[in-house]
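What follows is one structure encoded as structure tokens, with my remarks underneath.
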Amino acid sequence: MLAEVGSRCEAVEECYEFMLAYAAQGLASDEGSKSGGQVREFLGRAVLALTGLSEACAEAVREEGLEPADKYAAFFAVLDRDARDSLAAIDLVLAQPSISSQLIDNLNASIHLRALLTDLFLVDEILKKHNKPAEPVIANEGD
């Protein structure tokens, strides 16, 4: 489950990075350019990653037995609110017939999205510390 949470965080972070580049292009529409075609794909992946994110984080904490559980639960309530607020903004953008660079720039500037990204950086960093790689198996010379 930790890997799933990491993948979700990465999808949102990649979307944000793509949106920064898209906003800088000064496009009037998402039609007719390679990046214009990609903007909806990145936003769609972010929607999938955000849907149920706080529940996935809570499950990862339960699976790993991380403590203090109440501190994680309190933070995941904040994460859930920020994810829902960000989803509302992303869904609104996706509902538009045309997505300009200016529209994406405004989404990037949204306090909701910025709060979410900060939450994700925090969660990702904390959970990385608990996601220990498997120990390598060393064969005996006689095997």
Separation in nanometres of the label points that stand 7 Å from Cα toward Cβ, at residue 106 and residue 25: 1.9 nm
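Per residue of the chain, what 222 nm ellipticity follows from adding -39500 (n - 2.57) for every DSSP H run with n ≥ 4, rounded to the nearest 500?
Working: 6 runs with 107 residues, N = 143.
Result for the chain: -25500 deg cm²/dmol, rounded to the nearest 500.
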For region 1-57, fraction of C-alpha pairs farther apart than 15 Å, in %: 50 percent
Cβ-derived FRET efficiency at R0 22 Å, residue 96 paired with residue 13, nearest 0.05: 0.40
Positive-end extreme of charge dipole, region 22-93 - chosen from 88, 39, 76 (charges on Cβ): 39
Long-range HN-HN contacts of residue 29 with modeled amide H, under 5 Å: 101
Under the Karplus curve 6.51 cos²θ - 1.76 cosθ + 1.60, θ = phi - 60°, whole-Hz ³J(HN,Hα) for region 56-65, x wherever Gly or Pro sits: 5, 5, 4, 5, 4, 5, 5, 4, 8, x
Phi to ³J(HN,Hα) by Karplus 6.51 cos²θ - 1.76 cosθ + 1.60 over region 110-118, Hz, x for Gly, Pro: 4, 4, 5, 5, 5, 5, 4, 4, 4
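What does the charge dipole of region 26-75 about its Cα centre add up to, to the nearest 20 debye, if the Cβ of each Lys and Arg holds +1 and the Cβ of each Asp and Glu holds -1? Working shown, then result.
Working: 5 positive and 9 negative charges, 53 e Å.
Magnitude of the dipole: close to 260 debye.
Suppose every Lys and Arg Cβ carries +1 and every Asp and Glu Cβ carries -1, with no other charges. What dipole size does region 2-130 come out with about its Cα centre, to the nearest 20 debye?
Values: 11 positive and 22 negative charges, 46 e Å.
That gives a dipole near 220 debye.
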Phi to ³J(HN,Hα) by Karplus 6.51 cos²θ - 1.76 cosθ + 1.60 over region 76-84, Hz, x for Gly, Pro: 5, 5, 5, 4, 4, 4, 5, 5, 5
Within region 1-37: backbone nitrogen closer than 20 Å to the residue 63 label point (7 Å, Cα to C-beta): 1-13
For region 75-89 and region 36-51, distance of Cα centres in Å: 16 Å
The chain - Kirkwood radius from inverse mean 1/r over Cα pairs (Å): 16.5 Å
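Computed from the coordinates by the stated procedures, all read-outs in this text should not be read as laboratory data. It should be emphasised that the depicted structure is a prediction, and the values quoted were computed from it without experimental measurement. So basically every Cβ, Gly included, is an ideal-geometry build from the backbone, and we count neighbours across all protein chains shown.
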